[in-house]
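What follows is calculated from the coordinates using simple rules that are stated; it is not laboratory data. None of these values were measured; they are calculated from a predicted model. Note that each Cβ is placed from the backbone with ideal geometry, even for glycine, and that neighbours are counted across all protein chains shown.
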Amino acid sequence: MARIRLPADMPPDLEQRIQAYQDEKAALKRELRETLYRQDRTFFDFKRVNVLSTLAGQQAARLAHVEQLAEEIRAGLALLPNPAKPPVVPVPREVAGRISKYMNDKIGWQRAMLARREALQTEFPEDRVEFVRQRDSLVIQLVANRRSSPEMKAKRDTALAELATFNDGQAKGYAALAREKEKLQGELLTIARGLASRGGNKSIEMLLTEFSYAFGLQERWERYVEYETAVLQPGLSPEQRRLLFGAALERLDLPLGNSFFF
């Protein structure tokens, strides 16, 4: 079930729609669970299928009403401030743009690592596939099962050669990300010094801490923005929403840390 943060102050009619949506959706789910429970011990599968098909027909109009309520709620929420959106950080637009690009590039790097590991785990289910630290980067390591057949060993040798090329490219990408992060941190330090020198009660260290927290929120927002689009964007078809939702869940399943200052 999708989870979103709702604005604190909403118009009464929008609150009523949300409550009606939640109540009707809960009732539909309860009916479905009860039907599944009653059919759990049914001996013939076709009887279970027939009962569920009948229930689907009975619930069709109510499900359509729930979807209509959801669309009305999305339209209402689109007019209000999004409480999940991170605050604007007082840095030049060019620096903010580079930080956003850095975050997206890092997510892309992580997704490539995840996809390659998953592919290797599928291709070599008896082997161990893991992320390991190598010099100043992370690489994927394929640890062979000693009982592998000669055919599997030959297949693995080919995969290891391809993996070495992949790891080399990813290591270069990781190093480029590290260099850009170091540059950005230096520029943020300069900005913090400038802000502190203008007076106020915030030290350089306090400003850097605020920057770190704000950009951590921004990075999480970058990861969740597709999720929120799938849930909240008015006008999408159910099929489009499902596609976006699936892609958003993949984007959220990222390893290796997600703080700008790591």
(request) Principal axes first, then extents: for the Cα atoms of the range 43-187, list largest minus smallest coordinate on each axis, whole Å, largest first. (result) 60, 60, 16
(request) For the chain, set up a Gaussian network in which alpha carbons nearer than 10 Å are linked by springs, and say which option among 116, 17, 133 fluctuates the most. (result) 133
(message) Between residue 105 and residue 220, what is 0.36 nm times their sequence separation minus the Cα-Cα distance? Round to one decimal in nm.
(response) 40.0 nm
(request) For the range 12-78, report the convex hull volume of the alpha-carbon atoms normalised per residue, in Å³, without decimals. (result) 72 Å³
(request) For the chain, set up a Gaussian network in which alpha carbons nearer than 10 Å are linked by springs, and say which option among 37, 21, 213 fluctuates the most. (result) 37
(request) Any chance you could run the full-extension gain for residue 67 through residue 3? It's 0.36 nm times the residue separation minus the Cα-Cα distance, nm to one decimal. (result) 21.4 nm
(request) Based solely on C-alpha atoms, express the radius of gyration and the Dmax of the range 93-252 in angstrom. (result) 21.2, 72
(request) Report ³J(HN,Hα) in whole Hz for each residue of the range 56-67, in order, from the Karplus equation J = 6.51 cos²θ - 1.76 cosθ + 1.60 where θ = phi - 60°; Gly and Pro get x. (result) 4, x, 5, 8, 4, 5, 5, 5, 5, 5, 4, 5
(message) Cut-off 10 angstrom, C-alpha nodes, Gaussian network model of the chain. Which of 12, 87, 238 fluctuates the most?
(response) 12
(request) Enumerate the residues in the range 70-100 having an amide nitrogen under 11 Å from the point lying 7 Å beyond the Cα of residue 202 toward its Cβ. (result) 88-91
